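Read-outs throughout are calculated quantities, based only on the coordinates presented, and are distinct from any laboratory measurement. Quantities reported herein were computed from a predicted structural model and do not represent experimental measurements. Here the Cβ is made from the backbone with ideal geometry for all residues, glycine too, and neighbour counts use every protein chain on show.
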Amino acid sequence: MTSSILLNRLRGGLVVSCQALPGEPLYVEHGGVMPLLAEAAARAGAVAIRANSARDVREIKAAVGLPVIALIKKQYPSFEPYITATMAEVDELVAAGADIVALDCTARERVDGLRPATFIAQIRAEHPGLVLMADIATFDEGLAAADAGIDFVGTTLSGYTPQSHGAAAPNFGLVEQLVAGTAVPVIAEGRIRTPAQARQMIHLGAFCVVVGGAITRPLEIASEFVDALA
């Protein structure tokens with residue numbers, strides 16, 4: 001799927017993140033659950049799915065006709081970046097049919113020793129035409145990714161790194177800054193819990209909005225109700 005087609009598909013829409021990690025209730029070793037969540041999202045009108053692992057990418061693409069923003073979460077001891085952190089993960093996602101590959105573009109030290117801009121350049125050389133999304137936490141990281149030629153900048157990691165400040169609410173200010181500071185489409189992601197918050201992101205200029213936990217994580221959703229009633 002070309003970049004121009006993806007732009008038309010994603011513009012102004014909802015991307016649903018369908019992910020489960022080992023130890024979570026919806027995680028099963030042999031798959032099958034995430035495609036069902038993706039099908040529900042597709043029926044609701046989502047414009048794309050964000051998925052973790054080559055297995056889930058393959059199964060979701062077989063189940064629904066939506067573009068998939070793909071990543072692989074893999075921890076590397078002594079290093080914080082874990083979202084598609086090396087070329088090995090990129091290669092795996094490309095082989096699985098990813099439409100967009102999301103990767104950590106924060107300023108933190110990487111296991112491969114590369115700066116994000118160098119990693120992006122290597123991906124471009126290995127996989128010409130591959131559409132890339134930078135998962136960032138700060139304004140400067142977003143600008144650096146844009147300068148490196150990234151296709152989308154996402155606020156995915158805002159509040160989750162030492163360089164950014166944690167908060168319970170979505171980072172509306174960061175989205176607004178990025179929209180004003182770069183011509184690259186900005187994907188709003190991170191702690192978006194309500195339709196009103198998603199709508200506000202679009203109002204601020206976000207190209208599209210990613211929502212995960214508020215839709216596809218029943219443990220988190222149920223816990224919020226339990227805590228409210230405690």
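Descriptive notes on the structure:
- Residue-span extension gain [Asp91 to His203] - 0.36 nm each, minus C-alpha spacing: 36.7 nm
- Entry note, region 3-229: relative contact order of 17 percent, from Cα contacts under 8 Å with a spacing of 6+ residues.
- Only one item in [x] 0.94; [y] 0.99; [z] 1.11 matches Rg/Rh (Cα atoms, Kirkwood Rh) derived from the coordinates shown, and that item is [x].
- Stokes-Einstein D in µm²/s, Kirkwood radius over Cα pairs - region 27-146 at 4 °C with 1.567 mPa s viscosity: 87 µm²/s
- DSSP beta bridge pairing in the chain, given as percent antiparallel to the nearest 5: 5 percent
- Using a Förster distance of 22 Å, the FRET efficiency for His30-Leu219 (Cβ separation, nearest 0.05): 0.60
- The phi torsions of region 188-205, fed into the Karplus equation with coefficients 6.51, -1.76 and 1.60 and a -60° offset, translate into couplings of 7, 8, x, 6, 7, 10, 9, x, 5, 5, 5, 5, 5, 4, 5, 4, 7, x Hz, rounded to whole numbers, with Gly and Pro shown as x.
- Computed magnitude of the charge dipole of the chain (debye, nearest 20; Cβ of K, R +1, Cβ of D, E -1): 500 debye
- Label separation (Met1 vs Gln122): 2.7 nm, computed from points 7 Å beyond Cα along the C-beta direction.
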